[in-house]
Amino acid sequence: MANKSIYKLIIGVFFIGAGIFGYFTKTGYLQLLAIAIGAYGAWNLGWGIYLRKKEKSLSE
């Protein structure tokens with residue numbers, strides 16, 4: 001399960017970065033796609049943090 005949380009954190013940061021980059025390129029309707037990509041990244045980041053906390057509480 002440790003690998004899954006690390007994977008979620010990495011994917012989350014990557015997609016947030018891709019969303020920010022896509023948004024600032026100012027490409028019209030693709031900005032909406034960039035916002036969706038950033039939201040997906042934030043969702044993955046949140047799940048990754050939740051899984052890390054869950055792992056730590058189970059190991060104690």
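The values are calculated or read from the model by the stated rules, or taken from the named source; none is laboratory data. For clarity, every value in this text was computed on a predicted model and none was experimentally measured. Virtual Cβ from ideal backbone geometry, glycine too; neighbours counted across all protein chains shown.
Check whether at least one residue in the range 15-29 is assigned to a loop (DSSP other than H, G, I, E, B), modelled with pLDDT under 85 and of a type in the set (D, E, K, R), and report yes or no. Steps first, please.
From the range 15-29, those assigned to a loop (DSSP other than H, G, I, E, B) are 25-29; that's our starting set.
Checking the rest, the ones that are also modelled with pLDDT under 85 come to 25-29.
Pick out the ones that are also of a type in the set (D, E, K, R) and you get 26.
Yes, the range 15-29 has at least one match.
Counting just the residues of the range 30-60 that are among the charged types (D, E, K, R) and either at positive phi or in a helix (DSSP H, G or I) (or both), which one comes out surrounded by the most Cβ atoms within 10 Å (Cβ to Cβ)?
Arg52
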